[in-house]
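The values are calculated or read from the model by the stated rules, or taken from the named source; none is laboratory data. If you're wondering where the values come from, they're calculated on a predicted model, not measured in any experiment. For neighbour counting, all protein chains shown are included, and Cβ atoms are generated from backbone atoms with ideal geometry for every residue, glycine included. The accessibility values were calculated without ligands, DNA or RNA, using every heavy atom of the protein model including side chains. Shrake-Rupley method; radii C 1.70, N 1.55, O 1.52, S 1.80 Å.
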Amino acid sequence: MDIKKVVSVVKKKKADFPKSIIEEIAEASERHNLKVKELEKLVDEIKKAYDRAEVEKGEAVGTVAAQSVGEPGTQMTMRTFHYAGVAELNVTLGLPRLIEIVDARKKISTPTMAIYFEEEYGTNEEFVRRIANRIGKIVLNDIIKDFNVNYATMSMTVEIDEDKISDKRLEYDEIIAKIEKAFKRVEINKNLLSFEPTISESKHAIRELRLLADKVRDLQISGVKNIGKVVISKEGSEWVIHTEGSNLGAVLKMEGVNKTKTSTNDIHEVEKVLGIEAGRNAIIHEAQTTMEEQGLTVDVRHIMLVADMMTADGSVKSIGRHGISGEKASVLARASFEETGKHLLRASIRGEVDYLTGIIENIIIGQPIPLGTGSVGVVMKERD
Amino acid sequence: MKNDILKHKLVPDHTILSKTEMNKVLKQLNIHQEQLPKIKSDDPVVKDIGAKPGDILKITRKSHTAGKFVTYRLVLE
């Protein structure tokens, strides 16, 4: 029995099932070899159950979602760090991470990326290592053999270690070009570099030389902006790079990087690079994995509702004072949340009107709330 | 190169509705177009598929619960 047949029966019975249920019916009818009449009976029964399970009109889904996320939240650990996957990287988990997600923080405390590779490169360790060194931050200090500051001649010599360069799969010429671009007064003699400070004849000369030494050591010679350490690991048969720090836009442009799977945990970055719908998916994914990692299960529908609210007006908004709760139309609803005085004062200056259409404002003034059976009114039928 | 982001697993299908489809959808949902969720005109996906402000995008999401879910967003000015 194929799906088309099920769809036609479902249509005939005027049921509006989602794709997943239709697929399940098709699978079940095939397994039990149902006849058309039996299938119709099955669809009838499922329609009854489906209608019963549906959320009632006027149900306070937002409140239920808040409770359903909030209650397991009380059981989450306050402990911030630890990472299940790669031991060397720290990633914020638990309650602090969940707060970060719903607050839609611009700067999250531990941004990280998971970089995957296209099939032809995924098992090529050499290629992955080379890419990892292009992405990860490498400073001059990482590739030197010897470092000398000579206070008598006011100069400093650096010896580059060729083994380290080849180990990190870097190019000697590129490094030299970077150094020449960054420092004007430098002499290059194969692997021996000697630097001189710009000021050499004053009482600040020694300080200047020391500052130069730090600058030389910290010169970045490889890496993508905003990305620090990288960790290479193997997941199944393919190689994956996890990073500290994140720059999705730049990494997606690199050759060999899998452009469909590579992702970051920074929701604002996902929104900027992949759009608002991807941002919504990222919120759902991050919130759910954070809960699951703690051994808590929350129905996705609640998280989906939160994500829908956060992305409804085209950009990722936080839940709370600066986001959704702060933009409510009703003065009383806003005043009841936070900063009561400020909202009441501003509303009175502007002459705002409260139309008492929401829940909170009606509770405040002691009226029945527009919820459940309260969301419908009674209209008298005129007699002719 | 340009269409790469549309293939990303986090990005669902976006299609631009024609005028007649727009009216049909709004009538079926019984709402004004301002009541739809919004999408910014400088959203990377909007730029990629070339939608104009005032267009309505049909978004076909992969859903954990329903398998497939269709929703709409209005492109902001």
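Looking at (1) more than 37 Å from the chain's Cα centre (by Cα); (2) modelled with pLDDT of 90 or more; (3) small (Gly, Ala, Ser), can you tell me which one A:ALA307 breaks?
Unmet condition: (1).
Looking at the range B:31-68, which of its residues are more than 8 Å from chain A (Cβ to nearest Cβ) and either closer than 30 Å to A:GLU24 by Cα or among the hydroxyl-bearing types (Ser, Thr, Tyr) (or both)?
The answer is B:SER41, B:LEU57, B:LYS58, B:THR60, B:LYS62.
Does A:GLN288 meet the test of being facing chain B (nearest Cβ under 10 Å) and farther than 23 Å from B:LEU57 by Cα?
When the stated conditions are applied, A:GLN288 passes them.
Where residues in the range A:246-279 are open to solvent by 10 Å² or more (accessible area, probe 1.4 Å), assigned to a helix (DSSP H, G or I) and within 11 Å of chain B (Cβ to nearest Cβ), which of them is farthest from A:MET309 (Cα to Cα)?
A:LEU252
Go through (1) within 9 Å of chain A (Cβ to nearest Cβ); (2) outside any strand (DSSP E or B) and name the single condition B:THR20 misses.
(1)
Can you find a residue that is open to solvent by less than 70 Å² (accessible area, probe 1.4 Å), at the interface with chain A (Cβ under 9 Å from one of its Cβ atoms) and part of a strand (DSSP E or B) anywhere in the range B:1-13?
Within the range B:1-13 (the criterion being open to solvent by less than 70 Å² (accessible area, probe 1.4 Å), at the interface with chain A (Cβ under 9 Å from one of its Cβ atoms) and part of a strand (DSSP E or B)), the answer is no, since none of the residues qualifies.
Listed residues A:HIS285, A:HIS302; which is at pLDDT 85 or above, open to solvent by 70 Å² or more (accessible area, probe 1.4 Å) and over 25 Å from A:ILE143 (Cα atoms)?
Among A:HIS285, A:HIS302, only A:HIS285 is at pLDDT 85 or above, open to solvent by 70 Å² or more (accessible area, probe 1.4 Å) and over 25 Å from A:ILE143 (Cα atoms).
Which residue pairs have Cβ atoms under 6 Å apart, sit 6 or more places apart or on different chains, and have a first residue in the range A:322-340 that is within 14 Å of A:GLU352 (Cα to Cα) and a second that is assigned to a loop (DSSP other than H, G, I, E, B)?
Partner pairs satisfying both residue conditions: A:SER330/A:ASP354; A:SER330/A:GLY358; A:VAL331/A:GLU352; A:VAL331/A:ASP354; A:LEU332/A:ASP354; A:ALA333/A:GLY358; A:ARG334/A:LYS328.
Considering only the range A:227-245, state which residues are touching a residue at least 40 places away in the same chain (Cβ under 8 Å) and part of a loop (DSSP other than H, G, I, E, B).
A:SER237 - this is the single residue of the range A:227-245 that is touching a residue at least 40 places away in the same chain (Cβ under 8 Å) and part of a loop (DSSP other than H, G, I, E, B).
If we scan the range A:337-358, do we find a residue that is over 31 Å from the mean Cα position of the chain (by Cα), open to solvent by 50 Å² or more (accessible area, probe 1.4 Å) and under 18 Å from A:THR63 (Cβ atoms)?
yes
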